[in-house]
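A short write-up of the structure that comes next.
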Amino acid sequence: MTGRIKKASEQNQLKRDLGLSALLSLPVFILAMGSHMIPAFHMWVVNNLGTQQSWLIQFVLTTLVLLFPGRRFYQKGVPAYCVLRQI
């Protein structure tokens with residue numbers, strides 16, 4: 001029974017992290033790709049936010065994705081890769 005509870009807890013945590021990642025990544029995707037797809041959107045971003053401000057927003061949101069939902073990759077994936085490289 002505890003195995004099921006642990007698995008359900010991990011699934012809930014993965015769902016939460018996925019939702020947070022999607023929520024934080026969507027504005028980055030819109031700012032970065034929207035201006036390539038729609039030239040008028042690029043002009044809107046430049047006139048209202050400014051290029052530097054847009055880059056700063058993208059940097060902060062991407063960093064939050066890497067630090068919080070992405071921490072699982074760094075905690076488990078990087079050590080596993082290091083062990084794999086030693087083989």
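The values are calculated or read from the model by the stated rules, or taken from the named source; none is laboratory data. In this text, all values refer to a predicted model and were calculated from it rather than measured experimentally. So basically every Cβ, Gly included, is an ideal-geometry build from the backbone, and we count neighbours across all protein chains shown. These area figures cover heavy atoms from the full protein model, side chains too; ligands, DNA and RNA do not enter into them. Shrake-Rupley method; radii C 1.70, N 1.55, O 1.52, S 1.80 Å.
Return the total of residues in segment 50-76 being open to solvent by less than 70 Å² (accessible area, probe 1.4 Å), in a helix (DSSP H, G or I) and either over 21 Å from SER25 (Cα atoms) or in contact (Cβ under 8 Å) with a residue 40 or more places away in the chain (or both).
Qualifying residue count for the region: 3.
Could you say whether any residue in segment 13-29 is open to solvent by less than 80 Å² (accessible area, probe 1.4 Å), not small (Gly, Ala, Ser) and not in a helix (DSSP H, G or I)?
No, there is no match, as no residue in segment 13-29 is open to solvent by less than 80 Å² (accessible area, probe 1.4 Å), not small (Gly, Ala, Ser) and not in a helix (DSSP H, G or I).
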